[in-house]
2 protein chains.
Amino acid sequence: MRSYGQYCAAAKALDVIGDRWTLLIVRELLARGACRYTDLRDGLPGIATNLLADRLRQLEEAGVVSREEAPPPIATALFRLTLRGEELRAVIDELVRWGIPFMVDGPNGDAFRAHWFVLPAELALTDRAPQRPPVTIEVRTGDAPLLIETVDGSVRARQGAAEDADAVVTGTPHVVAGLLSGRLALDDAVALGLDCEGDVRALRRVLPRSPA
Amino acid sequence: MRSYGQYCAAAKALDVIGDRWTLLIVRELLARGACRYTDLRDGLPGIATNLLADRLRQLEEAGVVSREEAPPPIATALFRLTLRGEELRAVIDELVRWGIPFMVDGPNGDAFRAHWFVLPAELALTDRAPQRPPVTIEVRTGDAPLLIETVDGSVRARQGAAEDADAVVTGTPHVVAGLLSGRLALDDAVALGLDCEGDVRALRRVLPRSPA
DNA sequence: CAGCATCCGCTTTGATACTG
DNA sequence: CAGTATCAAAGCGGATGCTG
């Protein structure tokens, strides 16, 4: 990116992460952890492959991302956030918070990946019974299952399935977005087609009080 | 901006504020309040005038900025953030926080406007003696004076001069940045050319404990 | 002078094809 | 799998001109 040439902290930050696609690459690495090139490309539908390569090089140069060449047998490189890159979580979190209202409309032809709900889920959900034994909830929406777990009073989300989830909810991205963000109460989500199996109390324990 | 076409809160947010210059326009309105077109242009050195007009129109359409036509005698329009626009403060704040380390190098040919220190100052300074009577500090650096005031235990900053400031500090943007961010202790800043007149205790009351 | 709109050359991006 | 190469289209930057 061309530098703004301004002695201003915000402008300097944008000199590094203000390019198109750059913050979405950071989003991918925050939501999924270390990724291969192909994982990134799959999580960033629409990006041109040369742009992905360019951006990764710039981010590496800026000290935001590190490229980790795996040993010969594996023969695949891993990209991960450096400490400096992890510090962008606060920026992305606020961006996500600001962007959540736009999710009300639902995806109208938009691409969707389930792990895009990881960051908003961690922002919106809370463990309201931290003294009770931890619970695991599996969310099935879009291309892959999502796991939501209570850990030490906070809520962690990640891609993956569980064999012994306390509850399993299944629904369209639109309804799941409404549920996780607190826009929809559980009953309303069910009325809109959400399927909820297992221990509903485990679910209610972490859902935000709606309407948010 | 072309939409990313992703059903993701961060991507949706960037669809609106991810264009080049857009967040810097928001920075201007956050740091200075309502601005005329010409004020914005002056606070955004390097922007092409047509881009400023374009961005303002997009931001207005997105409900982030409102254009207020002043009554006939004044004949000048004012741009201000809407409530939705004000909510971007959290995003800009995190961006500023992340960008502050880049200020260590000093402006190497970068443009500078004193009001660019308003947001970082409010982020970094705290009133450590809220029970005592409020103080006012004038900071002279760059193109215009800056006022820093304690209000109800917090610290507000804005453009402007005071007739009766408790303290007046004068220095280069580089040294002032170091002082405000806590990278430089007051003594070190003075050794680097900072001039400090008046009640030094008023200053120490709000400065971050260095090294930050 | 404030607030743009137009034009033009350059850079960045997007889509696709191709390679080690 | 992990990119590079190519090229058209879009966006940006700078200059200038227009209008109340």
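Using 0.36 nm per residue of separation minus the Cα-Cα distance, give me the extension gain between A:Asn108 and A:Gln131 in nm, one decimal.
4.2 nm is the gain from fully extending A:Asn108 to A:Gln131.
Could you identify which residue out of A:Leu59, A:Leu119, A:Leu95 has the top mean-square fluctuation in a GNM of chain A using Cα springs shorter than 10 Å?
Evaluated over chain A, the most mobile residue of the options is A:Leu95.
How many partner chain Cβ atoms sit within 10 Å of a residue's Cβ in peptide B:24-32, on average, as a whole number?
2
So for the pair A:Leu186, A:Glu61, with labels modelled 7 Å out along Cα→Cβ, what separation do we get in nm?
5.2 nm
Among B:Pro45, B:Pro120, B:Pro145, which one moves the most in a GNM of chain B with springs linking Cα atoms closer than 10 Å?
Sorting by GNM fluctuation, first place goes to B:Pro45.
Obtain the radius of gyration and the Kirkwood radius of region A:9-87 from its C-alpha atoms and give Rg over Rh.
Ratio of gyration radius to Kirkwood radius for region A:9-87: 0.96.
Quote the FRET efficiency, to the nearest 0.05, computed for A:Glu69 versus B:Asp42 with a Förster distance R0 of 41 Å and r equal to the Cβ-Cβ distance.
The formula returns an efficiency of 0.25 here.
In the calculated pair distance distribution of the protein assembly as shown, what percentage of Cα-Cα distances lie above 30 Å?
Considering the protein assembly as shown, 51 percent of its Cα-Cα pairs are separated by more than 30 Å.
Taking H placed 1.01 Å from N in the peptide plane, check which residues at least 5 places from A:Ser3 or on another chain put their amide H under 5 Å from its amide H.
Result for A:Ser3 returns nothing.
In nm, one decimal, shortest first: how far is the label point of A:Ser66 (7 Å from Cα along Cα to beta carbon) from the matching points in the other copies?
Its label point is 4.9 nm from the equivalent points in the other copies.
Hey, what do the phi angles of region A:182-194 turn into as Karplus ³J(HN,Hα) couplings, whole Hz, using 6.51/-1.76/1.60 and θ = phi - 60°, x for Gly and Pro?
Listing the rounded values in order: x, 6, 10, 6, 4, 4, 5, 4, 4, 4, 8, x, 5 Hz.
Which whole-Hz couplings ³J(HN,Hα) result when phi for each residue of region B:155-162 is put into the Karplus expression 6.51 cos²θ - 1.76 cosθ + 1.60, θ = phi - 60°, listed in order with x for Gly and Pro?
Taking θ as phi minus 60°, the curve returns 10, 10, 10, 6, 5, x, 10, 10 Hz for region B:155-162.
Spin-label point model (7 Å from Cα, Cβ direction): what's the A:Ala34 to A:Val200 distance in nm?
Spacing of the two 7 Å Cα→Cβ label points: 4.3 nm.
Which residue is it, in chain B, whose C-beta lies closest to the B-to-A rotation axis, and what is that distance in whole Å?
Per the B/A rotation axis, the closest residue of B reads B:Glu94, 3.
State, to one decimal in nm, how far the label point of B:Arg156 lies from the label point of B:Ser3, with both points 7 Å from Cα in the Cβ direction.
For B:Arg156 paired with B:Ser3, the spin-label model returns 4.0 nm.
For chain B, with a Gaussian network of springs between Cα atoms less than 10 Å apart, report the residue from B:Val26, B:Val155, B:Val91 with the top mean-square fluctuation.
B:Val91
Could you pull out every residue, at least 5 positions away or on a different chain, whose amide H is within less than 5 Å of the one on B:Val155? Hs are placed 1.01 Å off N in the peptide plane, and Pro or chain starts have none.
So B:Val155 has HN proximity to B:Asp127.
If you put a point 7 Å past Cα along the Cβ direction, how far is that point for B:Phe102 from the same point in each other copy, in nm, smallest first?
For B:Phe102, the inter-copy label distances come out at 2.2 nm.
Between region A:159-176 and region B:40-64, what is the separation of their alpha carbon centroids in Å?
43 Å
Give me P(r) over region A:114-206, computed from all C-alpha to C-alpha distances, binned every 10 Å, as integer percentages.
Once binned at 10 Å, the Cα pair distances of region A:114-206 give 18, 57, 24, 0.
Taken together, the values in this text are just the output of simple stated rules run on the coordinates, not laboratory data. Note that the coordinates shown come from a computational prediction; the quantities given were computed from them, not determined experimentally. Ideal geometry is used to build each Cβ from the backbone, glycine not excepted, and the neighbour counts take in all protein chains shown.
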